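Taking it in order: structure first as C-alpha cells, then the write-up.
The values are calculated or read from the model by the stated rules, or taken from the named source; none is laboratory data. Everything numeric in this text was worked out from a predicted model, so none of it was measured. Positions of Cβ are generated from backbone atoms using ideal geometry, with glycine treated the same way; all protein chains shown enter the neighbour counts.
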Amino acid sequence: MHNLKNINLEIPKNKLVVITGLSGSGKSSLAFDTIYAEGQRRYAESLSSYARQFMDVQGKPDVDSIGGLSPTIAIDQRMSVQNPRSTVGTVTEIYDYLRLLFARAGEQYCPDCQVKVSAYSVGEITEAVRRLARQSKEVLVFSPLSRQEKVEPKVLLTKVEQSGFEWARVNGELLKINELADYKFDRHKKYDAELLTGKIIDIKKQNPSAMVETAADLSNGLVIVSADGQDEVFSTSGLCPRCGKIMPTLDIRSFSFNSPYGACPRCTGLGITMEVDQGLVIPNPRLTLAEGAIQPWMRITGNQNWYQKILNAVAERHNFSVNLPVMDLPSQNLDLILVQAKED
C-alpha cells in the first residue's frame, strides 16, 4: 500500500504495538490506510445499508491478504474545533460508533417506571398470537380505540361503524354494535374501548396475520391479544407495559447531543445551564426588598421605581411583604422572584 512494498507482517493481539520510523517510512500507510481501512471495511459489510450511510467507509487497501483482523477504530490526528459541544468522542469519531452501538444493541426502559420497553413487528405479534392460540381455547384480537380516556359515545360509535366490524369491548365487556349504541357512558369516567378485529378458535384453519395487521393499522401500532381472559398488549413502537407510555424508536440521532432530537431539553446539549446565583443577586439578606435587597436593580439608574412597582405587584398577588428582611422570607417567595419572574 503506497510506499510499502513486499512486506509480510504479523501483529500480536491483546498487546500494545507501537509503529515507529522515519518520516515517510510508511507508518500511517500501515496503520491507517491498511489495518484500519480493512478492519473498518469488513465491519461495515456486516451492517445494513441504512447504517452504512452514517459511516465514512474507506476503500479496500492494496494488499494480497489480511487474516485475523477484528473491527477497528481509529483516533485520527486532527485539530480541535472551537465548538462548545465538541468532546474527545466527537473529535475522534468514537462517538459515532457509540451512537450506532446504543441505537442497534441498546435496550429501552421507561424513565418513569424503570420497566423494559419492547417494540414488535407485525410478524412478531402474529407469531405471539399463534403461540397463544395453541395454548388456549379462544384468542381475541383487539384494536384499541381509547385507553383510559373519556369517551364521546357518538364519536366511538362512528369509529366502529366505519371500521366494518360488529363487535367492540368497553371496559372488558363485549358489545355488539347495536348494544354499543344503547350503552350508558358516564362523561366523568374514563374507559378502555377496543375494536374486535378477529377471533381464533382453531389456529390450524385460521390465519391471524390479517387480524393483527388490521388491528395495528386502526390503532397506530397497538394490538391487544386476549387469551383465556388475560390480555397482552403489543406495540410496533416502544410501549411501557406498566404506565402505557409510548416511547420513540431508538435511532442514532437519539444519542446525539448535537441534534435537537437527542439533546437534553434543559441544556440543549451543551452540558451546562445558566442559573441565578442568589448570593450575587442578594448579597445582603438582612435588607428588605423595599430597601433594595436586589442589588442589580439598584445599579440601573432611573428604573428603581418601575422595578419596585413590579415587586409590590408580585408581593400583593402572592401574599408576602416587601418590608420583611429577605432572610426571613419563605423559600417559595424567593423562588417567585429569582426563578419564576422570567417565566411569568
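Among the residues of segment 246-277 satisfying the criterion of being at pLDDT below 85 and not in a loop (DSSP other than H, G, I, E, B), which is farthest from ARG85 (Cα to Cα)?
ILE246
On the given criteria, is GLU194 surrounded by fewer than 16 Cβ atoms within 10 Å (Cβ to Cβ), of a type in the set (Asp, Glu), touching a strand residue (DSSP E or B) at 6+ places or on another chain (Cβ under 6 Å) and modelled with pLDDT of 85 or more?
In short, no.
I'm checking my understanding of the structure. Among residues of segment 6-29 that are out of contact with any Leu (no Cβ under 6 Å at 6 or more places or on another chain) and closer than 15 Å to ILE66 by Cα, which one is surrounded by the fewest Cβ atoms within 10 Å (Cβ to Cβ)?
ASN6
For residues that are part of a loop (DSSP other than H, G, I, E, B) and farther than 14 Å from ASN323 by Cα, scanning just segment 278-294, find the one that is nearest to the chain's Cα centre (by Cα).
Filtering first and then ranking leaves ILE282.
Within segment 113-133, is even one residue hydroxyl-bearing (Ser, Thr, Tyr), in a strand (DSSP E or B) and at pLDDT 85 or above?
For segment 113-133, residues hydroxyl-bearing (Ser, Thr, Tyr), in a strand (DSSP E or B) and at pLDDT 85 or above: absent.
Look at GLN135 and say whether it is farther than 29 Å from GLN40 by Cα, surrounded by fewer than 15 Cβ atoms within 10 Å (Cβ to Cβ) and touching a residue at least 24 places away in the same chain (Cβ under 8 Å).
Answer is yes for this residue.
Listed residues LEU289, LEU329, LEU334, LEU311; which is touching a Phe, Trp or Tyr at 6+ places or on another chain (Cβ under 7 Å) and aliphatic (A, V, I, L, M)?
After applying the criteria, what remains is LEU329.
So how many residues does segment 217-229 have that are touching a Pro at 6+ places or on another chain (Cβ under 7 Å) and assigned to a strand (DSSP E or B)?
2
For residues that are part of a loop (DSSP other than H, G, I, E, B), touching a Lys or Arg at 6+ places or on another chain (Cβ under 9 Å) and surrounded by 15 or more Cβ atoms within 10 Å (Cβ to Cβ), tally how many sit in segment 30-55.
Total meeting the criteria: 1.
Taking the conditions exactly as written (in contact with a Leu (Cβ under 9 Å, 6 or more places away or on another chain) and among the hydroxyl-bearing types (Ser, Thr, Tyr)), does THR273 satisfy them or not?
Here the answer is no, as THR273 does not meet what is asked.
Does GLU152 meet the test of being modelled with pLDDT of 85 or more, within 27 Å of CYS243 (Cβ to Cβ) and not hydrophobic (A, V, I, L, M, F, W, C)?
no
Assess whether LEU9 counts as being at pLDDT below 85, out of contact with any Cys (no Cβ under 7 Å at 6 or more places or on another chain) and in a loop (DSSP other than H, G, I, E, B).
no
On the given criteria, is GLY164 buried (at least 18 other Cβ atoms within 10 Å of the Cβ) and more than 23 Å from CYS240 (Cα to Cα)?
Answer is no for this residue.
Can you tell me which of LEU140, LEU156, LEU174 is in contact with a helix residue (DSSP H, G or I) (Cβ under 9 Å, 6 or more places away or on another chain) and either assigned by TED's automatic domain parsing to the domain that holds GLY221 or surrounded by 12 or more Cβ atoms within 10 Å (Cβ to Cβ) (or both)?
Matching residue, one of LEU140, LEU156, LEU174: LEU156.
Looking at GLU213, GLU232, which is the one that is part of a strand (DSSP E or B), on the phi < 0 side of the Ramachandran plot and out of contact with any Asp or Glu (no Cβ under 9 Å at 6 or more places or on another chain)?
Residue meeting the stated conditions: GLU232.
If a residue has to be touching a strand residue (DSSP E or B) at 6+ places or on another chain (Cβ under 7 Å) and of a type in the set (A, V, I, L, M, F, W, C) to count, how many in segment 96-151 make the cut?
Count: 15.
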